Amino acid sequence: MDTTTPDNAAPSEADELWNRIKGFLKGELTPAELEGMTWEQAAAIAEAGCELAESGRLEEARVLFEGLVEMNPRDAAAHAALGTVYQKLTLLPDALRAYSTAIALDPLHPVALAHRGELRLRSGDDEGYGDLQSAVASDPKGETAAGARAAAQIAAIAQTSVSRSEAEQG
Amino acid sequence: MSIFSTIGKVAQGLLNPMGAVIDLAGSALGLPAGVKNVAKVGLGAVTGNFATVASGAVGLASSALKGDAKTEYQPSAGGSSLRGYAPSAAGVSNPDGKLRDAVSTLQVYFNDVDKLGSPLGRGLISKGDLVQAAKSSKVPPQVREAARYLLDHPATRDLVDSAKNGKVDGLISMKDLDLVLRQLDRQPPWSGPVGHGGPVHGNGPCRKVDNPSPRDIHCGPTDRKPYGHSDSNTITTTTTTTTTSGLSCGDNKKSSGCRAPDSFKSILNNPNLSTEEKIQAVLAQIADGADKEILDVMDQMSDLSSRKAGMSKEDGAKTDSSMEQLQLRLQKLTERRKQMFELMSNISNKYNEMSNHAIQNLGKA
């Protein structure tokens, strides 16, 4: 079989694949781009992961989200979702790391901000309050469960602070 | 003034009346009424710093909010979640190639009927036009089928509708169809289903649209302004950079413009291999190349070592220097090979594991 391609010919399928492999080896492309994985496919896998986590099959959910993160380390949503699975598995340092990675990729990611904020506050780190505020600012209508949760947390803190303030004054 | 007072005053000043705010938050966001009461009851015991208060309040709120964090896949708005995924067109799934057929058919038909002045065509296709086309016995069967396809896939229809200007106005223009076709045609065969090129559509986290296809799952709000302006995000890829030997492309520095080297063409052009198998085979061949380089360096070291025996002191010193350089090169090659192996192995394992679990669960999700 003659596999040579004239220089002025359109790139063949083989050339396309080769360029992806090359881009991947140079660190320019993610494994998802190498394999041809689209966002829709990732979203379908994530949906399955969400369902598994919801039904308590956390190890399986973890496999899916770890796989998504491995395939596309640039997907903030996958990191954040993986963080919630780690959190449920009580792997809190891993959860914090996952949320922080998500926030580094997308500083306005409400899921990562809300959950990192909560974890930080629970561990006595008052920086968590800023995370909660950012989560609410980025999801003011509470469209994500995390955003709504952050708003509720802030409301509880504010209420406590108001009461505390009143007590201090009175 | 303590931080509690500050927050309290801010809350009272900006959010006054706080009770109303809490009530509003409670009802709008699902904050159970118990949270504020519990927080108030806890007040008497609160004597620590802000972190303690906040931690306590968060703990109470969390238990009132029924336990753990919900797992949700919330794509970054503004399309930045698409980064790192395979290129895609117009946000339309085309898993079985039917979309292309449908769009192409409708474009030809409605262009024609438009010229003929048919009431069906006026350069724009509404849902009503599609319904009429799908039902009418006067319409060719392939057009009926194409119309039915778009009617049966409303999410896809919206994405075709919005191809030109990103807005769903209920009317598909010839330009919309043309753009979708161009985008679909730009997809190389390996990319499989085409995906999303525009803003993420949907009203919330991980919801399914009325089409049962798993590829029509849309996550994330539309046009949520405060969220999604992440174009300036620092993106740090953790993809390991490994050996790049043999990856040069002459003067062309752009990796997208290279021809596949002859040594890989037999693999890349093999019709019996899947894309996955081709990738693995090429990576394995590159790893083999690294092995050969390592062996070559080891041979050179062995050769130098045996020649050194009969050398003068001066020549021996030069040989030592060469040997050090070879050792350094060997070390680098070995490290590179190790990285390459770990990368291949890790990706392959994670990919396979994820695929297996996904296949088992996609149908159930």
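The values are calculated or read from the model by the stated rules, or taken from the named source; none is laboratory data. Keep in mind the model is a prediction, meaning the values are calculated, not measured. Because the Cβ atoms are built from the backbone with ideal geometry, glycine has one as well, and the counts that use them run over all protein chains shown.
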query: Here are A:Ala137, A:Ala81, A:Ala102, A:Ala95: which of them is modelled with pLDDT under 95 and either crowded, with 24+ Cβ neighbours inside 10 Å or part of a helix (DSSP H, G or I) (or both)?
result: A:Ala137
- prompt: Given the conditions (1) farther than 22 Å from A:Gly27 by Cβ; (2) β-branched (Val, Ile, Thr); (3) in a helix (DSSP H, G or I), and given that A:Val69 satisfies all but one, which numbered condition is not satisfied?
  reply: (1)
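Would you confirm whether any residue within region B:153-160 is surrounded by fewer than 18 Cβ atoms within 10 Å (Cβ to Cβ) and out of contact with any Phe, Trp or Tyr (no Cβ under 6 Å at 6 or more places or on another chain)? Break it down into steps so the answer makes sense when it comes.
Here is the first cut: in region B:153-160, the ones surrounded by fewer than 18 Cβ atoms within 10 Å (Cβ to Cβ) are B:154.
Keeping just the survivors that are out of contact with any Phe, Trp or Tyr (no Cβ under 6 Å at 6 or more places or on another chain) gives B:154.
Scanning region B:153-160 turns up at least one residue that is surrounded by fewer than 18 Cβ atoms within 10 Å (Cβ to Cβ) and out of contact with any Phe, Trp or Tyr (no Cβ under 6 Å at 6 or more places or on another chain).
Going by the structure shown, is A:Ala167 in contact with a Gly (Cβ under 9 Å, 6 or more places away or on another chain), more than 30 Å from B:Leu343 (Cα to Cα), of a type in the set (A, V, I, L, M) and in contact (Cβ under 8 Å) with a residue 12 or more places away in the chain? Please lay out each step first, then the result.
Values: in contact with a Gly (Cβ under 9 Å, 6 or more places away or on another chain): yes; more than 30 Å from B:Leu343 (Cα to Cα): yes; of a type in the set (A, V, I, L, M): yes; in contact (Cβ under 8 Å) with a residue 12 or more places away in the chain: no.
Answer is no for this residue.
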query: Taking the condition outside any helix (DSSP H, G or I), more than 8 Å from chain B (Cβ to nearest Cβ) and hydroxyl-bearing (Ser, Thr, Tyr), does A:Thr90 pass?
result: yes
query: Does A:Tyr99 count as within 7 Å of chain B (Cβ to nearest Cβ) and either more than 14 Å from the chain's Cα centre (by Cα) or not β-branched (Val, Ile, Thr) (or both)?
result: no
query: What residue, of A:Ala167, A:Ala146, A:Ala151, A:Ala156, is in a helix (DSSP H, G or I), surrounded by fewer than 22 Cβ atoms within 10 Å (Cβ to Cβ) and facing another protein chain (nearest Cβ under 7 Å)?
result: A:Ala167
task: Name every residue in region A:36-68 that is more than 7 Å from chain B (Cβ to nearest Cβ) and more than 14 Å from A:Ala78 (Cβ to Cβ), in order of residue number.
output: A:Ser55, A:Gly56, A:Arg57, A:Leu58, A:Glu59
query: From the set of residues in region B:317-365 that are farther than 20 Å from B:Glu276 by Cβ and at the interface with another protein chain (Cβ under 8 Å from one of its Cβ atoms), which is modelled with the lowest pLDDT?
result: B:Ala365
